[in-house]
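Reading through the structure tokens given below for one structure.
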Amino acid sequence: MLAGTEVVLVEMVPPRSTDITKSVEGARLLQEHRVDAINIPDGPRATARMTGMALAVLLQNQVGIETVLHYTCRDRNLLGMQSDLLGATALGIRNILAITGDPPMIGDYPQATAVFDIDSIGLVHLINNLNHGIDVGEKRIGDPTAFFTGVGVDPNSVNTENEIHRLQLKKEAGAEYVITQPVFDVDSLEAFLEQADLGSLALIAGIWPLVSLRNAEFMKNEVPGVYVPDEVIRRIARFETKDDQLKAGIEIAQGMIDRVSGFVKGIQVSAPFGRYQLAVEVAGAMLEGK
């Protein structure tokens, strides 16, 4: 997936129902604008949605666009994970983002039981073993899998030392690329990178176009791992209408892309509320250069 420079991914959250009409239409729009791949979260914020694996396979088969499948440790035990990953290979999925997963208590069903047999570091180990033809019990599985494995990182973690330590363990376990939380403060990202040793890890910056003041305040106060500086809030708050606030949010996102483009491998643009045309507009300059 990351064979070239300036890779553009767009995030697509699976539907809460069986209807994939909007997802397929969005995927076709993204493909027409030369987006490299669609990044599919796995039950983000502990919500119950269509499994990302199903959506990834459907989009690859019906649209022909590449996908990056988030895979979390929250909902499956170790045996279920291996089964899923073997099945994913047979279904043609090649890109995995290994995620520990949000705890159920922050989602719609706080009474749900979390599994967490392993975390994202253990999951990268598991995938790396499968890529070498070895299962969880160190038995041969025949032909190895061929996953391109990524991980997440929070450059604004309240415990920077621990975040860097975990990133190092993910790299040692076999991770090949890393996607950041949405970037609203490039200086803090650069400061984090000065301390962290990415080595050969390809860095993809998360970009979130804020669509309104309310959206900005929600991201600042309610979304774990996301840091929205007060200056960003003030910049959007200068405008009264939603249209003007959206315009400011797009300009902020495009400014983030301009500033990170010199040192990242690519970007992952979110599409708030399924607004894929908005993601295309934000990534316009990078897409036009393809």
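The values are calculated or read from the model by the stated rules, or taken from the named source; none is laboratory data. The shown structure was predicted, so the numbers you read here are calculated from the model rather than taken from an experiment. Using ideal geometry, Cβ is built from the backbone for each residue, glycine included, and neighbour counts are taken over all protein chains shown. Ligands, DNA and RNA are stripped out before the accessible areas are found, and what is left, the full protein with its side chains, is counted by its heavy atoms. Shrake-Rupley method; radii C 1.70, N 1.55, O 1.52, S 1.80 Å.
Below are the figures for this structure:
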item	result
Computed FRET value (nearest 0.05) for residue 109 with residue 288, which takes r as the C-beta separation and R₀ as 41 Å	0.45
Computed helical MRE - 222 nm, the chain, DSSP H runs ≥ 4 contributing -39500 (n - 2.57), nearest 500	-12500 deg cm²/dmol
Amide hydrogen neighbours beyond the local backbone of residue 133, cut-off 5 Å, H modeled	145
Heavy-atom accessible area per residue - the chain, 1.4 Å, Å²	46
Carbon and sulfur %, accessible surface of the chain computed with the full protein complex present, 1.4 Å	48
Using θ = phi - 60° and Karplus 6.51 cos²θ - 1.76 cosθ + 1.60, couplings along region 79-86 (whole Hz; Gly, Pro as x)	5, x, 4, 4, 4, 4, 5, 5
Loop-resident sites, region 102-172, for trypsin sites (Lys or Arg not before Pro), counting at most 15 other Cβ within 10 Å (DSSP)	139
Distance (nanometres) between label positions extended 7 Å along Cα→Cβ at residue 277 and residue 190	3.6
Chymotrypsin sites (Phe, Trp or Tyr not before Pro) restricted to region 183-218 and DSSP loop, no more than 14 other C-beta within 10 Å	none
From phi via Karplus (6.51, -1.76, 1.60), per-residue ³J(HN,Hα) for region 149-163 in Hz, x at Gly/Pro	9, x, 9, x, 8, 10, x, 10, 4, 5, 10, 4, 4, 5, 4
For the chain, the Rg and Dmax computed from alpha carbons only, in angstrom	18.5, 62
Rough spin-label spacing in nm, given labels placed 7 Å along Cα→Cβ, for residue 77 and residue 21	4.1
Mean Cα-pair separation over length for the chain, i.e. relative contact order, pairs under 8 Å, 6 or more apart, %	19
Residue with peak Gaussian network fluctuation, the chain [Cα springs, cutoff 10 Å], from 212, 23, 200	200
Estimated D of region 220-290 in µm² per second, where Rh is the Kirkwood radius over Cα pairs and Stokes-Einstein applies at 37 °C, 0.692 mPa s	244
GNM top mover of 179, 233, 141 - the chain, alpha-carbon springs below 10 Å	141
Two-site label geometry, residue 240 and residue 168: point separation in nm, points 7 Å out along Cα→Cβ	5.4
